[in-house]
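What follows draws every value from the coordinates through simple rules; no lab data is involved. Worth saying up front: this structure is predicted, and the values here are computed from it rather than measured. In this analysis, Cβ positions are derived from the backbone assuming ideal geometry, glycine residues included, and neighbour counts consider all displayed protein chains.
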Amino acid sequence: MAIAEINVTLKPALLDVQGKTVLKALHQLGHTSVQNVRIGKFITLEISDALAGPALQQELDRMCQQLLANPVIENYEIVITATPGSQPGLAVTAPAPAMAVTSPLLNP
Amino acid sequence: MAIAEINVTLKPALLDVQGKTVLKALHQLGHTSVQNVRIGKFITLEISDALAGPALQQELDRMCQQLLANPVIENYEIVITATPGSQPGLAVTAPAPAMAVTSPLLNP
Amino acid sequence: MHFGIILFPGTNCERDCLHVVQNVMGQTGRIVWHTQTDLSEFDALILPGGFAHGDYLRTGAIARFSPVMESVAEFALLGKPVIGICNGFQVLCEAGLLPGALRRNAGQHFVCKNHWLRVEDNRNIFLQLTNPGDRLLMPIRHGEGSYYADPDTLLEMESGGQILLRYCDDDGDVTDAANPNGSVGNIAGVMNTTGNVFGLMPHPEAASEPILGCTDGLLIFRGMMTLLAPTTALTSDATVTGVGSNMFIASDVSAP
Amino acid sequence: MLDKALALGMTEAEYHKVVEILERTPTATELAMYSVEWSEHCGYPRSRALLKTLPKLGRYASLSGADTGGIEIEPGLFIVFKMESHNHPSQVEPRQGAATGIGGIIRDIFTVGARPICNLDSLRFGTLDEAKARYLFAGVVDGISFYGNAMGIPTVAGEVAFNDCYKGNCLVGAMSVGVVRTEDLASSSAAGAGNSVMYFGNATGRDGIGGCSILASHEITDQTQRPTVQVGDPFAEKCLLEACLEALKTGAFVSLKDMGAAGLTCTTCEQAAEGGVGMDIDLALVPLRETGMEPYEIMMSESQERMLGVVKKGREAEVIDIFQKWGSHAVVLGQVTEDGVLRIRQNGELVAEMTAKSLADAPLYTLPTQVPEYLAALNDFDLTTIPQPRDYGSALLQMLSAPNIASKEWVYSQYDHMVQINTLILPGQGDAAVLRIKESATNKGIAVKADCNSRYCFLDPFLGAQIAVAECARNLVCVGAEPGGVTDCLCFGNPEKPDRFWQFTRAIEGIVAACEHFHLPVVSGNVSLYNETPESVIHPSPLIGMVGVLDDVNQRVGLGFRDVGDHIVLLGQCRDELGGSEYLATLHGLEAGRPPELDLDRELAVQKLTLAAIRSGLAKSAHDVSDGGLAVAIAESCIAGNIGASIEIPPEAEVEVNTRLDAVLFGETQSRVVLSIAPQHLEQLKAMAQHVGVPMSYLGSVGGDKLTLGDDRAGVLRPLAVISLEELNRFYRGAIPALMS
Ligand SMILES: Nc1ncnc2c1ncn2[C@@H]1O[C@H](COP(=O)(O)OP(=O)(O)O)[C@@H](O)[C@H]1O
Ligand SMILES: [Mg+2]
């Protein structure tokens, strides 16, 4: 079983209001060395072994573009790791670049 | 400047209502090899160089327990990386274990 | 006129919309389950408010894959009117039928209150019964209503007359203080380029009856039923615009 | 097994009783089932006898005794309602605790076939100067907002109070109201051997295991003794709601019950016991979310968004179709049996077997009571030692910004209070919320409110509980509704301590006395005991929720003053009463004295007069005088109406002789209402008041953009305060946002 960890982040050009609020709160708590906070989503997928290699990467890309991220405002990054315990050394890291590929349905 | 990436996840025993719904949607979209989805938060902090080493790790721990995670229902994991571009090889990985330490703010 | 009102699991304003269509406007309407794909019986579609699929992941993200959505897109391609209210607006944006996206309110809280809106453009079926600069009063009830589109898109929308409503104060001024959710340019409602798909965060169906204290929302539904007037000058109906009032209590109690 | 029973919160005697019933040692599953079903949360062993004394009859035909109760507002049309607490879970995890509290009470409403039309919330926290209290307050409001809004049910009214006594135990009372036609009322009583026992909704996990017996029925002494937090899924609940209402319409159901505390245990044994039948179910068929769950875990799980029902044999498929359409589980677990025995199996093998009745009939205890030691000294506190304010203007502003009085807009603006487009008087605009009932054939509406001044209850639980009922009814009357029925949510400390049980007993006696006098039935309710920790004990808090009826929904008024020149009058009399007031607490840091007296006849007369004034169209606004007294009530009417007022308390005003000025302005004498009327109606109203023997005073008039207060009792005007509307607003509406930002 593969595990994919997906970080969905707000595009850098967008103001992260929630992050700003958290930054303020951290400062109020005395954590003044924090200079910036951005808040995104951390999605973990468990995927059956049926999928692997480039096909897996491709399918994950599609999931992100279709559903898991909104290309108008978000970027995403995919990290595929093996199932915990099984050959941890094999972890494959494949950060996808900021993508805004639109699917057919998005712009009919 | 250090960058800390924090993954905040719902404790495994708790129902992840979002994950459950997203899993269903992924299946309907044909991504049937996905077996489980959990959705958490991905928080990126930029921290001034004033803090480093174990002190940095400690302060991040406190931030998570106080504010960034809710220890009653969430776990968190902290990864500290150097500022992008500057000595990426130095990245320190320090996954924190599932913690349920109560913080002053949350439980004074 | 026959309205189709789309019901996704988690939608919760479908009955309110049906009430207005049938009991206030005297038209016919039917609630359409999200797996239905034949929409040919309808003259207009309403995507009502609510929390389709719990709004989990992102508002509208899952709903836009419902089978009915392809039919909604085809319906729109035919030039027939489609209005998305609140969650319906979010679904239309996710589906790409409207530009932009809706994010969490800047204040981080859900906001429920009556709010003034300024009419930006009336050269469309939806707002043809109003005049530019009119103030309309309607409830806003959302947690994720902060509208965003990138600067280029916004420019296009401005020049294309696609921005229809902005949040304003009771003087009709569009100010930061009168922005309830951090929307770019105080945008409350936008239209597609072909002028037949309209999305807005406020709830016109909750402002369509005197007993609720305000009837400004009805102008929008009535507009959808009226053939587009050749020019923007609509004098006879102009008197009913901007009638938003704060009389939410006992406005219709007659003194002896 | 005895040690296990004790760990599960049973007494030794209870364990022996189980052995006696079963005539053998119980299995783990059986023990778990008895422990949860006999806990205070489910079986009410300590409170049941007292609850039986609550009146059931009123002006409207009523329904009680089931999951939820209600009143028939017109032939064939019932309004059902109930309030329930979720205190302990909210203290542990405020957002999820409050959310699942809302979820639970909503299920109680649609379980009887009613469509929920509004929710209310009654909240109590420690004082907002403490970070923990702010965290809990913000989390609870967020939880109610998150769950209630997604359900498409407006949260239209409620109350919030802050007091140190709640710092270790916040209170979250959630009330839900639904509408149902008589023919659609669903039963909770199983019947018909061979019919299918079916499970609906979310899958079962280890949520809140032991929560109801180990947690909710005991003091939390050890903060680490945390059960699994239950996570609310409003989307699943919304689908469950729609599926249940749709499926109930088919007529395929015999009975239905929601799984709340004690989940499967409670729903199997109570439905079976009520119908005098048994059930035979197999837990292997229960949809599970986690692996390796033991039978006792499945039977005790408090996973949310689940129901158990009995479906007529042969009609299962039709029901399953509907639930599947809504994406909800629907599975047959077993059958109804004739013999009254509950048989719980795991893959066919028996894991528990007992009569349903033996579970459902929890033991009954009578506990000793004792007057608390603190009481005499507090009641006898000498109030003449209290200095009067030097500046009444700043005193009023201080009162208006006290969190207990200040606007709760920060709360209700986070709640969708308009969805379903029935809310005609919104929160903050009237003493109660008013909703139209679209189902009514005659333009009927309802008014709803929740109330309880727990400071009064602390100083005198009997009187305090009476006042809670009276104030709630007065609030309904002030919007033009006839009070129709009551639900209660009785939150108290550890009943095994005699002084706490005395409070509980006296409070129930107070509710009974007031409800009988007002001819109001208590149609439903809930008990939450053990609300104490070593650091704090809650004040007795019998939260009261009430529903009233407007025969014509167009005859409603708000609390805001309306037109320049209108006369402001006070119904009722001001007396020298400051005990237990918000004024004493806010300006003098005191909780002492005796609560204001309550004359039930006077109260009823004032309510009848107010209602008559509204129905006849005389009253243009009505606001009851409660926390903060007369000055606060008048300021609130100015703020709500966005118009000023000028008040000069005249020599002939109905003020008891020798009443202190601070008591006139801030005292909380009961049975008072401030009305505004057109000048030409003053004489008519006077005549009406005289007729029913209610004192009435002219106080001043509406107009301008400031509130002017003066005392003219001595015949020489003493100016007291001049405050601009803008300033009133800033203090009243700004206070809570400032504390929470
Ligand atoms: N927790 C709450 N949820 C919803 N509405 C609330 C809440 N607390 C207060 N409100 C609303 O604020 C207004 C004032 O409430 P309150 O001060 O309790 O009134 P009163 O003093 O007349 O009993 C009412 O409309 C009430 O319903
Ligand atoms: Mg009040």
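A few comments on the model shown:
- Likely footprinting exposure, D:85, D:188, fewest C-beta neighbours within 10 Å first: D:188, D:85
- Overall form of the protein assembly as shown per C-alpha gyration tensor (a/c, 1.5; a/b vs b/c): rounded
- Anisotropy class assigned to segment D:669-741 is prolate, per the alpha carbon gyration tensor with a/c at or over the 1.5 cut-off and a/b larger than b/c.
- Distance (nanometres) between label positions extended 7 Å along Cα→Cβ at residue D:718 and residue D:135: 4.8 nm
- Cα-based helix-to-principal-axis angle, D:316-325 vs chain D, degrees rounded to 10: 50 degrees
- Segment D:621-741: antiparallel DSSP beta bridges as a percent of all, rounded to 5: 70 percent
- Tilt relative to chain D, helix D:682-692 - C-alpha long axis, 0 to 90 degrees, to 10: 60 degrees
- Relative to the current alpha-carbon distance between residue D:374 and residue D:730, full extension at 0.36 nm per residue lengthens the span by 124.3 nm.
- In straight-distance terms, cross-link reach from residue D:167 covers every one of the aspartates and glutamates whose alpha-carbon lies under 15 Å from its own, apart from those fewer than eight places away in the same chain; here that gives D:93, D:129, D:130, D:219, D:532, D:535.
- Each Lys and Arg contributes +1 and each Asp and Glu -1, all at the Cβ; summed about the Cα centre of segment C:15-167, the dipole is approximately 580 debye.
- Proxy reagent accessibility, fewest Cβ within 10 Å first, across D:740, D:688, D:175, D:10: D:740, D:688, D:10, D:175
- Using the Cβ-Cβ distance between residue C:43 and residue A:61 with R0 set to 35 Å, the FRET efficiency works out to roughly 0.30.
- Averaged over B:43-53, number of beta-carbon atoms from partner chains that fall within 10 Å: 5
- Charge dipole magnitude, Cβ of K and R +1, D and E -1 - chain D, Cα centre, debye nearest 20: 1180 debye
- Theoretical FRET efficiency, 1/(1+(r/R0)^6), r = Cβ-Cβ of residue D:193 and residue C:30, R0 60 Å, to 0.05: 0.90
- Share of alpha-carbon pairs per 5 Å distance bin for segment C:74-210, given as whole %: 2, 11, 21, 26, 23, 12, 4, 1, 0
- Segment C:9-148, relative contact order in percent, only Cα pairs under 8 angstrom and at least six apart counted: 21 percent
- Greater than 20 Å apart at Cα, pairs in D:249/D:312; B:20/D:325; B:24/D:312; D:56/D:444; D:312/D:357; D:56/D:357: B:24/D:312; D:56/D:444; D:312/D:357; D:56/D:357
- Modelled FRET efficiency - R0 22 Å, residue D:350 with residue D:4, Cβ distances, 0.05 increments: 0.70
- Angle between chain D longest axis and helix D:94-110 axis [Cα atoms, degrees, rounded to 10]: 80 degrees
- Least to most buried among D:38, C:33, D:502, C:116 (fewest other Cβ within 10 Å first): C:33, D:502, C:116, D:38
- Considering only segment D:454-580, percent of DSSP beta bridges that pair antiparallel, nearest 5: 65 percent
- Sequence ranges D:42-52, D:439-449, D:533-543, ranked by mean other-Cβ count within 10 angstrom, highest first: D:533-543, D:439-449, D:42-52
- Full-stretch length increase - residue D:284, residue D:682 - with 0.36 nm per residue and alpha-carbon distance subtracted: 136.0 nm
- Amide N proximity, segment D:320-344 versus residue D:19 label position 7 Å along Cα-to-Cβ, cut-off under 14 Å: none
- Cα lying deepest toward the dipole's positive end in segment D:77-175, options D:147, D:171, D:122, charges on Cβ: D:147
- Dipole magnitude of the protein assembly as shown, debye to nearest 20 (Cβ charges: Lys/Arg +1, Asp/Glu -1, about Cα centre): 1000 debye
- 222 nm mean residue ellipticity, helices alone, for chain D (DSSP H n ≥ 4; -39,500 (n - 2.57); rounded to 500): -10500 deg cm²/dmol
- Amide H to amide H, with H built 1.01 Å from N, residue D:256 comes under 5 Å of D:187, D:188, D:189, D:310, counting only residues 5 or more places away or on other chains.
- Here's how it looks for residue D:531: its modeled amide H is under 5 Å from those of D:492, D:493, D:494, which are all 5 or more places away or on a different chain.
- Semi-axes of the equivalent ellipsoid of chain D are 47, 27, 21 Å, computed as sqrt(5λ) over the eigenvalues of the C-alpha gyration tensor in descending order.
- Sparsely packed loop sites in segment D:1-36 (the trypsin sites (Lys or Arg not before Pro) outside DSSP H, G, I, E and B with at most 15 other Cβ atoms within 10 Å) comprise D:24.
- Extension gain for the segment residue D:382 to residue D:652, taken as residue separation times 0.36 nm less the Cα-Cα distance, is 94.3 nm to one decimal.
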